[in-house]
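Written below as structure tokens is the structure these notes are about.
Values in this text are rule-based calculations from the coordinates and carry no lab data. All figures in this text were calculated on a predicted structure; none of them were measured in a lab. Methodologically, a virtual Cβ is constructed for each residue, glycine included, from the backbone with ideal geometry; neighbour enumeration extends over all protein chains shown.
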Amino acid sequence: MRSLPAFFTDAQDTIARALDLMVPAPGTAAPFTSQVTDAMRYTLLAPSKRVRAVVVLLAADLCGHPSRALPAACAIEAIHASSLILDDLPCMDDAPLRRGRPTVHTVYGEAVAVLAAFGLLNEAYRHLARSYDAPLAARLTALCADAVGLDGLVAGQAEDVLATDATLNFETLERIHRRKTGVLFSAAATAGALTAGGSAADVAALTAYAKNLGLAFQVVDDLLDVIGTPEETGKAVRHDARKTTFVSFSGVDGARELAHELCRTATLALAPFGQRAARLGELADFVAARRL
Ligand code: GRG
């Protein structure tokens, strides 16, 4: 597989350092609370692609003012990490492995895992409130609340969990994953543009890009559950056997082609930016071909 471009790994390092400062350092919380903060750090700082945060930074860069994007990138990552903890719980996906490590609830227990998920979600909003002036903080928190809420992650997860044994049509499958996965990518791109003072046209183009990128990301996620390994993905594979997925619909080759098509559509949405959007184009190429 092609290695990640340097701008991607540089952004990952910047984000990892900022995330480390976002949650209390080990040994600084009170007894008992420290279990929750340790579990928060365990997830938030675990090896990850940080692709949503990278989208925030690249979107802000494209709009010409990257300097204020980092807190929003960290907030989006904290929301994502919170959702991973919840998704892995025995009452949801019951997953044993995440980011190459045993899942949080298997290490810290379910009660601490649930509290760590709420802790991370709360830190995300707190971080936005403290990092930006009031009008921008209000826009960013509303954006994130919409992404998490009843037309976003919560809704997508509800339909996914409650439909596990049902046979879904393509429209339902797409709706579930646009909400579970796509919406947070769109929020990431929009947040980046807002922190950079992007125009309404910038926001619209970036949101269209991220909407397609996010769905492509999920199609590849389904694909890697079938053709990937735990060493590559950091997750248990063949875990979705009971579910309707993009692979059960389209087959391995069809899903790969769908991911490429969505990534092409994503990149086309950035045509108004010309060559300045090259990095987001490279990111889409990475998503279409990823094995991790
Ligand atoms: C209250 C935040 C909150 C959520 C409640 C549990 C839930 C609703 C939603 C689950 C959303 C979810 C986990 C979707 C899966 C998205 C996905 C493809 C995750 C894998 O992302 P990667 O590959 O992971 O970017 P890394 O580890 O690289 O960050």
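How about segment 66-118: which of its residues are more than 9 Å from the ligand (Cβ to nearest atom), outside any helix (DSSP H, G or I) and crowded, with 22+ Cβ neighbours inside 10 Å?
Passing the criteria: A69, T103.
Among what's in segment 119-132 and is more than 9 Å from the ligand (Cβ to nearest atom) and touching a residue at least 60 places away in the same chain (Cβ under 8 Å), pick the residue that is surrounded by the fewest Cβ atoms within 10 Å (Cβ to Cβ). Steps first, answer last, please.
Of the residues in segment 119-132, the ones more than 9 Å from the ligand (Cβ to nearest atom) are 119, 122-123, 125-132.
If we keep only those that are touching a residue at least 60 places away in the same chain (Cβ under 8 Å) too, we end up with 119, 123, 127, 131-132.
On the way: G119: 22, E123: 23, H127: 21, S131: 17, Y132: 20.
Only one residue fits best here, namely S131.
Going residue by residue through segment 154-172, is there one that turns out to be in contact with a Gly (Cβ under 8 Å, 6 or more places away or on another chain) and part of a helix (DSSP H, G or I)? First the steps, then the outcome.
From segment 154-172, those in contact with a Gly (Cβ under 8 Å, 6 or more places away or on another chain) are 155; that's our starting set.
Filter again for part of a helix (DSSP H, G or I), leaving 155.
Yes, that holds for at least one residue.
If I filter segment 256-277 for residues that are among the β-branched types (V, I, T), within 16 Å of K180 (Cβ to Cβ) and crowded, with 18+ Cβ neighbours inside 10 Å, do I get at least one hit? It would help to see each step written out before you state the result.
Taking segment 256-277 first, the residues among the β-branched types (V, I, T) are 265, 267.
Next cut, within 16 Å of K180 (Cβ to Cβ) only: none.
Taking every residue of segment 256-277 in turn, none turns out to be among the β-branched types (V, I, T), within 16 Å of K180 (Cβ to Cβ) and crowded, with 18+ Cβ neighbours inside 10 Å.
Which of the residues belonging to segment 74-102 are among the small types (G, A, S) and closer than 28 Å to G228 by Cα?
Filtering segment 74-102 down to residues among the small types (G, A, S) leaves 75, 78, 81-83, 95, 100.
Result: A78, A81, S82, S83, A95, G100.
Taking into account only those residues within segment 195-222 that are under 13 Å from A271 (Cα atoms) and of a type in the set (A, V, I, L, M), which is farthest from the ligand (Cβ to nearest atom)?
Checking each candidate, the answer is A201.
State all residues of segment 129-149 that are farther than 26 Å from G234 by Cα and under 17 Å from the mean Cα position of the chain (by Cα); if no residue qualifies, say none. So that I can check it myself, show each step before the final result.
Applying the first criterion (farther than 26 Å from G234 by Cα) to segment 129-149 yields 129-146, 149.
Residues satisfying the conditions are L140, T141, L143, C144, A145, D146, G149.
Pick out the one residue from A46, A39, A53, A59 that is touching a Leu at 6+ places or on another chain (Cβ under 6 Å) and either over 28 Å from V107 (Cβ atoms) or within 16 Å of the ligand (Cβ to nearest atom) (or both).
Numbers: A46 fails: touching a Leu at 6+ places or on another chain (Cβ under 6 Å); A39 fails: touching a Leu at 6+ places or on another chain (Cβ under 6 Å); A53 fails: touching a Leu at 6+ places or on another chain (Cβ under 6 Å).
A59 is the lone residue from the list that is touching a Leu at 6+ places or on another chain (Cβ under 6 Å) and either over 28 Å from V107 (Cβ atoms) or within 16 Å of the ligand (Cβ to nearest atom) (or both).
Considering segment 1-45 alone, what residues qualify as being of a type outside the set (F, W, Y), in a loop (DSSP other than H, G, I, E, B) and either without any contact (Cβ under 8 Å) to a residue 60 or more places away in the chain or farther than 24 Å from L224 by Cβ (or both)?
Of all residues in segment 1-45, those of a type outside the set (F, W, Y) come to 1-6, 9-31, 33-41, 43-45.
Filter once more, so that each one left must be in a loop (DSSP other than H, G, I, E, B): 1-5, 23-31, 45.
Passing the criteria: S3, V23, P24, A25, P26, G27, T28, A29, A30, P31, L45.
Kindly establish whether D146 is in a loop (DSSP other than H, G, I, E, B) and surrounded by fewer than 21 Cβ atoms within 10 Å (Cβ to Cβ).
Numbers: in a loop (DSSP other than H, G, I, E, B): no; surrounded by fewer than 21 Cβ atoms within 10 Å (Cβ to Cβ): yes.
For D146, the condition - in a loop (DSSP other than H, G, I, E, B) and surrounded by fewer than 21 Cβ atoms within 10 Å (Cβ to Cβ) - is not met.
If you take just the helices (runs of 4 or more DSSP H) that sit entirely in segment 200-292, which of them hold at least 3 residues that are within 17 Å of the chain's Cα centre (by Cα) and touching a residue at least 12 places away in the same chain (Cβ under 8 Å)?
Numbers: elements: 200-227, 230-233, 246-268, 278-289.
Here the list reads 200-227, 246-268, 278-289.
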